[in-house]
Amino acid sequence: MRIVLADDAVLLREGLASLLERFGHTVAAAVGDAEALLAAAAEHRPDLVITDVRMPPTHTDEGLRAALTLRAGDPQPAVLVLSQYTATAYAAELLAPAGRAGVGYLLKDRVGDIAEFADAVTRVAAGETVIDPDVVRQLLTRQRAADPLARLTPREREVLGLMAEGRSNAWIARTLLVGDAAVAKHIGNIFAKLDLPGPDDGHRRVLAVLTYLRA
């Protein structure tokens, strides 16, 4: 396939270019900044673009911004982004726009495994989504941490689900075969774990149900 490569580190850029050519691909251009990347992509219309996240002039997210521009363009190449860091925000932003072409986000350490890197290049070019396992783990951990219901026990989730159906405490108690006091205790725990302050249980009940429905 025809590839455009962008990385401001000359040794890494030349090493990747050599490696990709060993795989049988053509590196149409190997550049060192995001502006040159966009120009090369427009000129060569590559099948795949491989870019670092951080490039000149600010060394923040120029490569990622260029990748997002290419994913929104037409024709739309497959894009494989390489990063030195496990930045889940970058991965999430890269995956957010729906594109026709493949997309990948790999840590640069993964390039050291030549077979794994070659496989990722082939899969992204074929239209697949390839995300570094370390990034996936952090995304899932962040998602769990952001889940407001994560602190609830299975029984408390069950009680909250019945509350969301509009069931009364007495109905919940009969259904779960527990006493009214046990249900009241579960609901009190739910309010506390969801950080719902205030003396008005009716209001807190509504807020708890809204939290459940939004989760």
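Quick notes on this structure:
- Within segment 169-203, tally of residues that are farther than 16 Å from Arg214 by Cβ, outside any helix (DSSP H, G or I), modelled with pLDDT under 90 and touching a helix residue (DSSP H, G or I) at 6+ places or on another chain (Cβ under 9 Å): 2
Let's see how each residue does on (1) in contact with a Lys or Arg (Cβ under 8 Å, 6 or more places away or on another chain); (2) modelled with pLDDT of 95 or more:
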| site | (1), (2) |
| --- | --- |
| Val4 | no, yes |
| Leu12 | yes, no |
| Ala39 | no, yes |
| His44 | yes, yes |
| Pro57 | no, no |
| Leu70 | no, no |
| Gly73 | no, no |
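- Filtered residues of segment 184-207 (kept if open to solvent by less than 50 Å² (accessible area, probe 1.4 Å) and either within 18 Å of Leu149 (Cβ to Cβ) or in contact with a Phe, Trp or Tyr (Cβ under 6 Å, 6 or more places away or on another chain) (or both)): His186, Ile187, Gly188, Ile190, Phe191, Leu194, Leu196, Arg204
- Condition check for Thr51: free of Cβ contacts under 8 Å to residues at least 24 places away in the same chain, on the phi < 0 side of the Ramachandran plot and β-branched (Val, Ile, Thr): no
- Here the condition is being more than 24 Å from the chain's Cα centre (by Cα), open to solvent by 70 Å² or more (accessible area, probe 1.4 Å) and farther than 20 Å from Val103 by Cβ; of Arg2, Arg13, Arg22, Arg45, it holds for Arg22 alone.
The values are calculated or read from the model by the stated rules, or taken from the named source; none is laboratory data. Because the structure is a prediction, the values reported are computed rather than measured. Every residue, glycine among them, receives a Cβ derived from its backbone with ideal geometry; neighbour counts consider all protein chains shown. Areas reflect the complete protein model, heavy atoms only, side chains present, ligands, DNA and RNA absent. Shrake-Rupley method; radii C 1.70, N 1.55, O 1.52, S 1.80 Å.
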